[in-house]
1. Taking the simple approach of a point 7 Å from Cα along Cα-to-Cβ for both Lys86 and Ile303, what is their distance in nm?
2. Starting from the Cα-Cα distance between Arg2 and Arg157, subtract it from 0.36 nm times their residue separation and give me the gain in nm to one decimal.
3. Is region 205-306 rounded, prolate or oblate when judged by the Cα gyration tensor, a ≥ b ≥ c being the square roots of its eigenvalues, rounded requiring a/c under 1.5 and prolate requiring a/b larger than b/c?
4. Taking the dipole about the Cα centre of the chain, with the C-beta of Lys and Arg at +1 and of Asp and Glu at -1, give me whichever of Tyr300, Ala78, Val215 is farthest to the positive side.
5. Extension gain Thr99-Ala282, at 0.36 nm per residue separation less the Cα-Cα distance, in nm?
6. If you place +1 on the Cβ of every Lys and Arg and -1 on the Cβ of every Asp and Glu, how big does the dipole about the Cα centre of region 3-304 come out, in debye to the nearest 20?
7. Could you work out how much longer the chain between Leu61 and Asn290 gets when fully extended? Use 0.36 nm per residue separation minus the Cα distance between them, nm to one decimal.
8. Only four residue types carry charge here, +1 at the Cβ of Lys and Arg and -1 at the Cβ of Asp and Glu. Report the dipole size of region 203-271 about the Cα centre in Debye, rounded to the nearest 20.
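Computed from the coordinates by the stated procedures, all read-outs in this text should not be read as laboratory data. Keep in mind it's a predicted model, so treat the numbers as computed, not measured. In this analysis, Cβ positions are derived from the backbone assuming ideal geometry, glycine residues included, and neighbour counts consider all displayed protein chains.
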Amino acid sequence: SRRLVLAAAQMGPIQKAEGRDVAVGRMVRLMETAHRRGAEVVVFPELALTTFFPRWYHEDLAEADHWYETALPSNATAPLFEAARKFNIGFHLGYAERTPDGHRFNTAVYVHPSGEVVLKYRKVHLPGHAEYEPTRTVQHLEKRYFEVGNLGFPVVRAPVGETSVNIGMMICNDRRWPEAWRVLGLQQVELVMLGYNTPSLNMENRGFEAHHLRVFHSHLSIQAGCYQNACFAAGVAKAGDEDGHELFGHSIIVNPQGEIMAQATSWGDELIVADCDLGMCALGRSTIFNFEKHRRTEAYGRITAQ
Ligand code: CDT
């Protein structure tokens, strides 16, 4: 059978004043732990190299340039690539990307142990707002700092560990959209790598989203996505208190039955590992979610209508 030892590397908070070197040092230690625990791939969170900077307003976008990567690897990120080679472990990294022609994206890549970038994804569902909102106690400026991703939801069959796996990606808010899961599912995705930074406090809850439902909604979305598309997912958080703003953690690894195989229990750097039998993806795919047999696309027109 095709098996994969999958690690999700939750990261504790990164403060605004902390440099890339602090985060990268912690990530290398997590990769070493992953290696010791037999993992073949390690998944890091969204925007893993810095604090969740979209909470900080810069009037002039150029003032925000220091939050972005312009090359991968760079001097700052080279230790991740070295660790991948040394420990023979692939890794998924979320980071802010600024392209040579000045476009800004919330991006994730999967890097093979050799250092080759095998898959790149740019976040499609950008939550929040583009302008400073004085009534908010904390800003969520993803629509200011990023353009909508222009790569779609690609899936590639890539060497991961001892086997080849159909891998796809989502970033944070994407996980709440069944359309995103289905587009990956239609490409026979077997493993979804998904990083997130989710505040414990929903500024817009209007009294209806009780505090304890925040994690529930995150898990509900990932578990349903895996079940309905017969795939595994690593949902990996940044957690804890970043400059007084709490991110809720609760990273999970989920199987195609929608079950949580492993869950982080701290709000710090924490590695969770699961031994995934990729053969499990075949059940849903060949029975209840055999898309070719049972989907009724003639009834779904509204999904893609503008
Ligand atoms: N990073 C990210 O996408 N976070 C969102 C919170 C949005 S609140 C404006 C999420 O869906 O988890």
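1. Between Lys86 and Ile303, the simple spin-label model gives 4.5 nm.
2. Working: separation 155, 0.36 × 155 = 55.80 nm, distance 1.36 nm.
Stretched out fully, the Arg2 to Arg157 stretch lengthens by 54.4 nm.
3. Numbers: a/c = 3.11, a/b = 1.44, b/c = 2.16.
It is oblate, given that a/c is not under 1.5 and a/b is not larger than b/c.
4. The Cα lying farthest towards the positive end belongs to Tyr300.
5. Details: separation 183, 0.36 × 183 = 65.88 nm, distance 3.85 nm.
My answer for the length gained is 62.0 nm.
6. The calculated dipole for region 3-304 is roughly 800 debye.
7. Details: separation 229, 0.36 × 229 = 82.44 nm, distance 4.64 nm.
Gain on stretching Leu61 to Asn290: 77.8 nm.
8. Numbers: 3 positive and 9 negative charges, 67 e Å.
Value, rounded to 20: 320 debye.
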